[in-house]
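Right, one structure below, let's go through it.
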Amino acid sequence: MIILNRLVFGAASLLLLLLALGLVWLGLGDAWQAVRSPDQSGADAILDVLGYVIVAIAVFDVAKYLFEDEVRRGSERRSAAEARRSLTKFLSTIIIAVFLEALVVVFKTAREDVALLVYPTALLIAAVVVLVGLGAYQRFSATVEEKVGDDDAADERRDAQPTPKRRPPPRKKA
């Protein structure tokens, strides 16, 4: 079952990697067509490519996360701190991608119709909410890790110490 699990996650991460490369290729193709077409703006083409590349980076990071945590490591036992760091790296990349995509959409929308700026603003607010949620997760999990880590270390020290032999109580002389 472990091998099947690794194969499935390996195939999924490879597919995501190929899709990320496809997004970059598609963005570059659209930009090339926009540059060759006299009726389109070069700035719009660059913003489109930037949007494709940002999404491709996020998809690539998901593929990397799946490969590193599910294929390479498998079901190895990990510490809570290691899992927290891994999740934080993953979410940080996604948050950055959402912020960048929101900025790209803000610039594109501001050039076309300022009345539509509500939607990119909502995307920015959603990114801020996810960022605050990640900060709260970091804070709470670090606090729990400190408490549980101390308890685990005390248990390990207690288990490592040899148990003292009990001496029978001294006999009273009559």
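Computed FRET efficiency, Cβ-Cβ of residue 141 and residue 68, R0 25 Å: what is it to the nearest 0.05?
Plugging the Cβ-Cβ distance into 1/(1 + (r/R0)^6) gives 0.80.
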*Of 67, 9, which has the most accessible area with a 1.4 Å probe, and how do the rest follow in descending order?*
67, 9
*For the stretch 65-149, what class follows from the C-alpha gyration tensor (a ≥ b ≥ c being the square roots of its eigenvalues): rounded when a/c is under 1.5, otherwise prolate if a/b is larger than b/c, else oblate?*
oblate
*Rounded, prolate or oblate: which fits the stretch 66-115 when a ≥ b ≥ c are the square roots of the eigenvalues of the alpha-carbon gyration tensor, with rounded for a/c under 1.5 and prolate only if a/b beats b/c?*
prolate
*Using a Förster distance of 30 angstrom, determine the FRET efficiency expected from the C-beta separation of residue 132 and residue 82, and round it to 0.05.*
0.80
*Would you kindly find the accessible area of residue 86, with a 1.4 Å probe and non-protein molecules such as ligands, DNA and RNA excluded, rounding to the nearest 10 Å²?*
20
*asked:* Please compute the length gained on full extension between residue 110 and residue 4, using 0.36 nm multiplied by the number of residues separating them and subtracting their Cα-Cα distance.
replied: 33.3 nm
*Among the GluC sites (Glu not before Pro) in the stretch 48-142, which ones are in a DSSP loop with at most 13 other Cβ atoms within 10 Å of the Cβ? Mind listing them?*
76
*Fraction of accessible area attributable to carbon and sulfur, the stretch 1-71 (%, probe 1.4 Å)*: 75
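For 61, 113, what's the largest-to-smallest order of accessible area, 1.4 Å probe? Before the final figure, lay out each step's value.
On the way: 61 15, 113 65 Å².
Largest to smallest exposure gives the sequence 113, 61.
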*asked:* Classify the stretch 1-122 from the C-alpha gyration tensor, please: rounded if a/c falls under 1.5, else prolate or oblate depending on whether a/b exceeds b/c.
replied: oblate
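The values are calculated or read from the model by the stated rules, or taken from the named source; none is laboratory data. These numbers come from a predicted model, not from an experiment. Methodologically, a virtual Cβ is constructed for each residue, glycine included, from the backbone with ideal geometry; neighbour enumeration extends over all protein chains shown. To get the accessible areas, we keep the full protein, side chains included, count just its heavy atoms, and leave off ligands, DNA and RNA. Shrake-Rupley method; radii C 1.70, N 1.55, O 1.52, S 1.80 Å.
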